[in-house]
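To keep things clear, I will list the structure first and then write my remarks on it.
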Amino acid sequence: MKRIHPTHMARCCGAARYLWPVLLAAAGEAQAQEQTAAAESAAPVGLQEVVVTATRREESLSKVPISVMALTEEALDNRGIKDFSEVARFTPGVTSGTNNISIRGIAGTGGAGTTGIYLDDTPIQMRALAFNPDEALPKSFDIDRVEVLRGPQGTLFGAGSEGGTVRYITTQPSVNRTTIYARGEVATTDGGAPSYEGGFAIGGPLIDNKLGARITLWYRRDGGWIDDINPVTGAPVQSNANYVDNYLARLAFLWTPSDKWSFTPAIYYQDSKRNDINNYWPLYSDPSNNTFVNADPTQRRVPDKFYLASLKVQGDLGAAQFISNTSYYDRTNQDGYEGTIYNLGFYQIYAFLPPYVSGSYPLIDGSGIHLPPGAMNYVSPSTVDNGQINISQEFRLQSSDPNARLLWTTGLFFSENRQSYLEQIHDPYLDQLSLALTGLHYTDIFVDPNTGLPVPYVDAFPQDSYFLQTHAKDEQYAVFGEATYAITEQLKLTAGARFSKNKYSFDTYTGGPQLFAPPTNGSGSNSENSFTPKLSVQYQADPNNMFYATYAKGFRPGGANNPLPYAACSQDFMAFGIANAPTTYNSDTVDSYEIGAKNNINNRFRIASSIYYIKWNDIQQVVVPPICEISFIANLGRAVSKGVDLDLQASLTDSLLLDLAAGYNSARYTQDSTLSATSVNGPIVANGNAIVGQTAESGYGQATTPVTVAAGLEYRFPLFSHESFLRVDYTYEARAKWPTAAQDPRTLQYDPNNYVLPGTTFTTLRGGMHFGSLSLSAFCDNLTNSHAITAYNWSINPGDGNSRLERQYTFRPRTIGITAIYRR
């Protein structure tokens with residue numbers, strides 16, 4: 001058993017020290033409310049309606065003809081949700097890795113995103129310029145609700161909302177009401193370090209009915225549970241190294257100079273500092289005993305911070321409302337891969353070969369890393385630095401009367417998204433490794449085959465054996481409109497369209513000895529127009545039953561590929577029948593057909609169900625050459641995604657509530673696809689291959705799960721005159737049914753080492769008691785201590801599993817803790 005370091009406990013108590021006075025001060029008020037709370041617990045619960053803004057106007061969830069999952073702040077707290085990966089577990093048809101969000105099987109592992117991500121009214125998703133970055137997803141603190149809109153949202157939310165849209169709606173300031181929200185938590189993980197958090201938000205009037213404000217401050221430490229060791233000596237490096245520190249701050253004002261106009265300036269700041277990533281080496285680990293060991297040669301810190309400054313203006317023009325949203329979004333993120341492991345595999349295949357080295361020295365294989373005498377300290381860490389600055393402006397006019405026969409919204413949108421990308425393999429010991437293996441300097445090995453001249457380090461990137469610098473710009477101009485007309489009191493018709501002009505351009509500079517060629521400059525651009533219509537019919541049979549049918553089109557802009565190192569990928573290019581990776585790739589589109597229903601039975605059962613069929617045209621997907629494993633993006637033809645979603649809320653008794661969310665999805669290619677008529681031995685993807693979905697941290701695409709089930713059961717009861725509850729949540733993701741191209745021996749991407757991930761289950765138990773505005777609860781995440789493999793990767797050297805090093809990922813082990821929440 002691992003000891004809890006006194007420093008960790010001191011930090012834990014220090015964080016809690018600032019929160020407990022707030023909570024204890026609330027105890028007096030809580031005592032005054034105890035009797036009321038006890039009485040309320042005996043009253044019928046029923047089901048509460050949720051108001052959403054999925055159509056850019058406030059509407060009851062049961063009346064919106066869109067497949068939407070909405071989780072309020074209270075629902076997030078009841079389930080213990082802290083980030084989007086946990087939201088996804090409760091949302092049918094949605095899966096999430098760290099790199100992207102898949103909705104209804106529409107997912108991409110490169111290029112522009114397939115899911116729109118909005119923080120209030122601002123899109124914040126990022127284009128993958130090369131190595132796929134993590135999306136910046138807001139943490140679930142002081143969030144009024146999270147809305148997940150399934151299906152294309154190209155009319156109101158534009159390019160990138162091809163599979164759907166995720167919206168984080170923050171709690172807004174008020175000019176006439178004071179609200180307080182505070183949360184503290186301490187927890188311990190089996191075999192790991194403690195976790196803790198503390199945060200508060202307070203908002204209310206500064207000048208009654210004129211000026212209000214809201215401030216939010218939050219910190220969380222997720223304790224680590226994977227130990228780092230030295231891969232050569234086996235010596236311990238750091239225990240519980242994969243901890244994460246998260247910081248969040250927000251300040252918003254609401255100024256209402258008159259009863260017709262309001263101005264809401266706000267700034268949102270989030271900073272996440274991951275000390276090391278979550279992979280472990282099965283070679284040294286024993287998951288059944290909560291022993292997880294990472295022997296990566298270098299620690300991979302992942303800092304990620306962003307801030308969003310915005311100004312929202314709303315005006316009442318009588319028959320119409322005017323809404324303007326201006327925002328400036330700035331993000332810096334460092335990600336990457338294990339450069340030493342990559343380099344050792346690359347060098348033993350492509351560089352240090354006979355006649356320079358006699359025999360094949362296994363620098364890396366299935367039994368670990370093997371460095372030669374004279375280079376035992378060799379490391380070559382990699383970094384991938386991403387920068388993003390996005391300026392966006394949207395103007396909307398929409399009808400004011402919610403009861404009018406014609407409801408309409410129209411608007412203009414502009415955004416300029418500038419991104420920077422710098423990938424480096426820092427290789428200061430390359431010459432030392434070369435001398436130890438061959439007796440020659442690295443410049444005698446890394447030679448341009450066309451000129452016979454050595455390829456040394458580049459002065460601008462000293463000691464980088466490989467670098468790629470890219471600057472890119474996305475511009476989007478759009479005009480959009482949507483209108484709903486009530487043909488009768490029961491029958492409504494919605495029509496909408498968006499016309500966008502999209503421009504993309506980039507320039508690159510790449511070089512380093514690994515290219516076996518001098519450094520090169522490159523550039524590329526494309527410009528496209530898109531038209532995304534929508535048509536929906538809604539029939540309100542009676543106040544409790546609504547049915548709808550929708551056609552919608554989604555769009556994702558194209559882009560351009562960075563040059564790939566020919567020396568590493570030449571064998572793959574030959575098999576693919578191409579001279580190099582394609583320089584550009586085109587946009588892709590989806591045509592979605594959906595039939596759905598929303599039914600309410602005596603306010604005891606609420607059911608939202610939908611059936612969908614989506615045609616994906618000119619699909620952009622990442623191609624992974626099986627030898628060099630340096631990916632690029634190409635248009636791979638057509639695919640179809642089809643399935644069903646079901647959301648059920650049931651008040652089984654006055655005290656027993658059931659939540660059930662289930663989905664089935666089949667997302668597969670419908671044709672063979674090649675990059676050239678001269679490719680050999682098969683297509684790049686084959687008819688029936690699964691679309692690649694979430695990649696997790698491994699970089700390997702996996703098929704989206706065909707079946708997801710999330711079930712929650714909550715029992716509410718009075719205990720010692722206090723309202724109390726007990727809740728259990730169970731989620732299930734089935735094993736993938738169809739192979740990806742990398743798992744299919746018919747394709748040129750096939751890698752015999754790749755395997756299908758198992759199905760997974762995850763169970764959470766939570767119980768607590770309310771003391772008026774204060775609630776205390778105990779919880780257990782990963783109740784069964786599941787350690788199913790959720791992702792994996794291999795070193796690049798070809799061969800079977802015995803000659804390749806595997807690293808794996810899994811769930812955080814069983815975690816037990818206590819949460820205190822004050823809400824007023």
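For the reader, a short list of remarks on this structure follows.
- Overall form of segment 59-108 per C-alpha gyration tensor (a/c, 1.5; a/b vs b/c): oblate
- Rounded D (µm²/s) - segment 543-625, Kirkwood Rh over Cα pairs, Stokes-Einstein at 4 °C, 1.567 mPa s: 77 µm²/s
- The 3J(HN,Hα) values that the Karplus relation (6.51, -1.76, 1.60; θ = phi - 60°) gives for segment 435-449 are, in residue order, 5, 5, 8, 10, x, 10, 6, 4, 6, 7, 9, 8, 10, 5, x Hz. Gly and Pro appear as x.
- Placing a pseudo-label 7 Å from each Cα along the Cα-to-Cβ vector at residue 603 and residue 615 gives an inter-label distance of 4.5 nm.
- Here residue 726 and residue 317 are evaluated by their C-beta separation; at R0 = 51 Å the FRET efficiency comes out at 0.50.
- For the chain, the share of alpha carbon pairs falling in successive 20 Å distance bins from zero is 15, 48, 31, 6, 0 percent.
- Taken over segment 334-400, the convex hull of the Cα atoms encloses 190 Å³ per residue.
- Net charge, residue 465 excluded, C-beta distance under 11 Å - Lys, Arg +1, Asp, Glu -1: -3
- Sequence-distant residues sharing a close amide H with residue 144 (under 5 Å, placed H): 169, 170, 171
- The relative contact order of the chain, computed from alpha carbon pairs under 8 Å that lie at least 6 residues apart in sequence, is 13 percent.
- Proximity of backbone amide H atoms, modeled 1.01 Å from N, is registered between residue 112 and 128 at under 5 Å, excluding neighbours fewer than 5 places apart on the same chain.
- Mean accessible surface per residue for the chain, computed with a 1.4 Å probe while every protein chain stays in place, in Å²: 38 Å²
- The loop-placed GluC sites (Glu not before Pro) in segment 453-511, going by DSSP, that have at most 14 neighbouring Cβ atoms within 10 Å of their Cβ come out as 489.
- The fraction of accessible area contributed by carbon and sulfur in the chain is 58 percent, rounded to a whole number (1.4 Å probe; ligands and nucleic acids excluded).
- The listed peptides 365-376, 337-348, ordered by packing as a protection proxy, come out as 337-348, 365-376 (highest mean of other Cβ atoms within 10 Å first).
- Tilt relative to the chain, helix 339-350 - C-alpha long axis, 0 to 90 degrees, to 10: 40 degrees
- Cα-based Rg / Dmax (Å) for segment 701-824: 21.1, 67
- For the chain, the longest principal axis of the Cα atoms and the long axis of helix 566-576 meet at an angle of about 80 degrees.
- 222 nm mean residue ellipticity, helices alone, for the chain (DSSP H n ≥ 4; -39,500 (n - 2.57); rounded to 500): -3000 deg cm²/dmol
- Tensor-based shape of segment 410-522 (alpha-carbon gyration tensor, a/c under 1.5 rounded, otherwise prolate or oblate): prolate
- Per DSSP, loop trypsin sites (Lys or Arg not before Pro) in segment 154-246 with at most 13 further Cβ within 10 Å: 177
- Applied to segment 703-709, the Karplus parametrisation 6.51 cos²θ - 1.76 cosθ + 1.60 on θ = phi - 60° returns per-residue 3J(HN,Hα) values of 5, 5, 5, x, 9, 10, 9 Hz, with x for Gly and Pro.
The values are calculated or read from the model by the stated rules, or taken from the named source; none is laboratory data. On a predicted model such as this, the values are computed, not experimentally measured, just so you know. All Cβ positions, even for glycine, are placed from backbone atoms using ideal geometry, and neighbour counts span all protein chains on display. Just so you know, the surface numbers come from the protein's heavy atoms only, side chains and all, with ligands and any DNA or RNA stripped out. Shrake-Rupley method; radii C 1.70, N 1.55, O 1.52, S 1.80 Å.
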